[in-house]
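Taken together, the values in this text are just the output of simple stated rules run on the coordinates, not laboratory data. In this text the structure is predicted, and so the values were computed from the model without any measurement. Cβ sites come from the backbone with ideal geometry, for glycine too, and all protein chains shown count toward neighbours.
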């Protein structure tokens, strides 16, 4: 029921925002706008259904650790 409410709210916001984006005719702006809406709806869906999603911090740690080791080997 809550999911339907959020989808309806998203549809109303889409109906308000989309004509403004079409006037500018910027494809990149529309793509970013769509991406944020999809990610937002996915986040609401995951939180309402209590789906465990790994923290984005893990991605930062995966990138940071090899780079940190590389700089450590250069400057130690």
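Computed extension length for residue 57-residue 13: 12.8 nm, one decimal, from 0.36 nm per residue of separation with the Cα-Cα distance subtracted. Approximating the spin labels as points 7 Å out from Cα along Cα→Cβ, the residue 71-to-residue 47 distance works out to 3.3 nm.
Per-residue ellipticity at 222 nm from helix content only, as computed over the chain with -39500 (n - 2.57) for each DSSP H run of at least four residues, stands at -29500 deg cm²/dmol.
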